[in-house]
Amino acid sequence: MNNLNPCESVQEKLSAYLDNELTQQEQQRMHVHIKNCPECTALLSELTALQSDVKGTLLEGIESMDSRSLQAIMQDKPARWLSAFGWGLLIIGALLLGGFFVWQFTTELLADNSVPWWVRFGILGFYCGLFLLFLGVLRQRLVARKTDKYKKVNI
Ligand SMILES: [Zn+2]
């Protein structure tokens with residue numbers, strides 16, 4: 001390191017210096033050198049301009065969307081997947097179990113001619129309602145997934 005010319009060793013670490021990644025001692029040494037060296041000062045301001053350009057572009061991109069929802073997606077992704085999976089299992093289980101019992105119950109009732117019309121109507125309503133609820137949940141899941149994709153692309 002010592003046989004390097006001081007400017008070279010400073011310029012090598014300029015971006016680390018800008019990012020405050022050096023030890024306090026190194027940071028201090030860089031600071032002293034740059035203050036007394038026009039060449040390194042010029043390079044530093046060039047690098048600063050470049051970095052702020054990059055940061056500006058990134059910030060613009062992030063600010064163009066709701067930063068709070070970005071954070072929520074970043075933080076809650078595993079939770080969201082777990083809950084999506086849980087809901088999926090719950091719905092499938094409920095549909096299978098419910099379907100099985102309701103179907104048995106229904107076929108028994110429908111086979112019995114003494115069952116009044118409103119019970120048949122109730123059974124029909126129950127099935128339609130269950131189906132609509134299922135469609136509603138399914139659609140919510142799909143919309144949520146589409147929104148996620150859209151947001152991911154924006155990042
Ligand atoms: Zn220098």
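The values are calculated or read from the model by the stated rules, or taken from the named source; none is laboratory data. What you see is a predicted model; the values in this text were computed from it and never measured. With ideal geometry, Cβ positions are generated from the backbone for all residues, glycine too; neighbour counts draw on all protein chains shown.
If you take the residues of the range 32-50 that are part of a helix (DSSP H, G or I) and in contact (Cβ under 8 Å) with a residue 12 or more places away in the chain, which of them is farthest from the ligand (Cβ to nearest atom)?
Within the range 32-50, the first condition is being part of a helix (DSSP H, G or I), and the residues that meet it are 32-35, 38-50.
Those left that are additionally in contact (Cβ under 8 Å) with a residue 12 or more places away in the chain: 33-34, 39-40, 43-44, 47-48.
Numbers: HIS33: 6, ILE34: 7, GLU39: 5, CYS40: 3, LEU43: 8, LEU44: 9, LEU47: 13, THR48: 15 Å.
Ranking the candidates gives THR48 first.
Each row is one residue, and each column tells you yes or no for (1) at pLDDT below 80; (2) in a helix (DSSP H, G or I); (3) surrounded by 10 or more Cβ atoms within 10 Å (Cβ to Cβ).
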position: LYS77; (1), (2), (3): yes, yes, yes
position: ALA84; (1), (2), (3): no, yes, yes
position: TRP87; (1), (2), (3): no, yes, yes
position: LEU90; (1), (2), (3): no, yes, yes
position: LEU95; (1), (2), (3): no, yes, yes
position: GLY99; (1), (2), (3): no, yes, yes
position: VAL102; (1), (2), (3): yes, yes, yes
position: SER114; (1), (2), (3): no, no, no
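Does LEU109 satisfy the condition of being within 22 Å of GLY86 (Cβ to Cβ) and among the hydrophobic types (A, V, I, L, M, F, W, C)?
Values: within 22 Å of GLY86 (Cβ to Cβ): no; among the hydrophobic types (A, V, I, L, M, F, W, C): yes.
Criteria not met by LEU109.
Could we say that ASP53 is acidic (Asp, Glu), away from the ligand (no atom under 13 Å from the Cβ) and at pLDDT 75 or above here? Steps first, please.
Working: acidic (Asp, Glu): yes; away from the ligand (no atom under 13 Å from the Cβ): yes; at pLDDT 75 or above: yes.
Answer is yes for this residue.
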